[in-house]
Each structure stands twice: as C-alpha cells, then as structure tokens.
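The values are calculated or read from the model by the stated rules, or taken from the named source; none is laboratory data. In this text the structure is predicted, and so the values were computed from the model without any measurement. All Cβ positions, even for glycine, are placed from backbone atoms using ideal geometry, and neighbour counts span all protein chains on display. Protein only, heavy atoms only, side chains kept; ligands, DNA and RNA dropped before computing areas. Shrake-Rupley method; radii C 1.70, N 1.55, O 1.52, S 1.80 Å.
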Amino acid sequence: IATRYKNKNFSQSIVNGTKCSILILILAIGIGMFFSQRKLNLTATRMKAEWKLTERRYSADYINRFDSLNTVIQNDSGNYKALVARGLLKRQKGQYEASIKDYERALQINPDEIKATLEMGYSMGALGKMKQQDSLSRIAVHLDSNSQFAKEHSEYFKSE
C-alpha cells in the first residue's frame with residue numbers, strides 16, 4: 001500500500017502486496033511464538049531446579065532444628081519451649097498425633113501457658129477433632145484473656 005501511494009500507481013492490484021505482508025506477518029508471529037515457547041521451557045526448567053534445591057535446604061533445616069530440639073529435650077525433659085517448638089515442627093510435617101504428645105508433655109510442665117494449649121487445638125483441628133479444638137480454644141481464651149487470640153475470638157468467652 002505504501003509503495004502504491006509513493007509511486008502513485010493505483011492501477012496495480014493491492015492483493016499482491018497484501019499477500020507478501022501477510023506472509024511476513026505470519027512468519028514473524030511464528031518466530032516469536034517459537035522463541036517465547038523456548039524461553040518459557042527454559043524458565044520452567046530453572047524453576048523446577050530451584051524448587052528442588054529449596055526443598056532440600058528446607059528438609060536439611062528441618063532435620064537440624066528437629067535434632068537440636070531433641071538434644072535440648074534429652075538434656076532437659078522439662079523444657080516447655082523446646083517441647084512446644086518440636087510439636088510445631090511435627091505438625092508442619094503432618095505428624096499431628098506426635099505433635100499432640102509434645103503439647104501434652106508441655107502442658108504437664110506448665111498447664112497455665114496458652115501456647116501449648118492453642119497449638120494442641122490446631123493439631124486437633126487438623127485431625128478433624130473439632131470439639132476438642134473448640135474446647136482447647138475456650139481454655140486458651142480463659143488462660144490469657146489479653147492475648148491476641150482472645151481478642152480475635154471473643155465468642156469463646158461465652159459459656160455453653
């Protein structure tokens with residue numbers, strides 16, 4: 001169209017120029033799609049490798065923290081904070097029953113602390129034991145009525 005306008009030759013068919021332009025456009029789109037797909041595949045491969053590396057690091061970190069907590073608990077079986085922390089690690093790995101055992105031990109040491117009570121409630125909820133979770137939440141609210149949990153869950157102040 002541009003060459004027709006420049007040469008002022010309006011008698012020549014516009015179809016011949018359009019065919020060439022469409023062919024160039026299709027070729028450009030095809031090349032663009034090829035390179036973008038190639039870049040996408042390369043990015044996906046890199047992301048998979050990074051996820052595997054992150055997963056390995058997380059697993060190693062978990063093992064190190066778990067081993068450290070086990071050592072602390074072996075040396076001081078009455079360490080409330082270590083028991084709660086180990087319970088949290090177990091719950092993160094989906095070991096809900098084992099985490100509940102740690103929280104129970106922590107509560108034997110210090111029954112008036114809210115942390116173990118709340119965390120045990122969360123583990124109970126993960127196991128589908130909603131009544132136990134509700135009961136533990138009520139206990140936690142009454143243990144510390146000024147806690148953030150109590151402020152966010154005033155419904156637990158009501159008696160059944």
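How many residues does segment 115-156 hold that are open to solvent by 30 Å² or more (accessible area, probe 1.4 Å) and part of a helix (DSSP H, G or I)?
Our first condition is that a residue be open to solvent by 30 Å² or more (accessible area, probe 1.4 Å); within segment 115-156, this holds for 115, 122, 126-135, 138-139, 142-146, 148, 151-156.
Then keep just the ones that are part of a helix (DSSP H, G or I); that gives 115, 122, 126, 130-135, 138-139, 142-143, 148, 151-152, 154-156.
Result for segment 115-156: 19.
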Query - Single residue of Ile31, Ile73 found to be open to solvent by 60 Å² or more (accessible area, probe 1.4 Å) and among the aliphatic types (A, V, I, L, M) - result: Ile31
Requested in this report: Provide a single number: the residues in segment 59-97 that are assigned to a helix (DSSP H, G or I), out of contact with any helix residue (DSSP H, G or I) (no Cβ under 6 Å at 6 or more places or on another chain) and of a type outside the set (D, E, K, R).
Outcome: 12
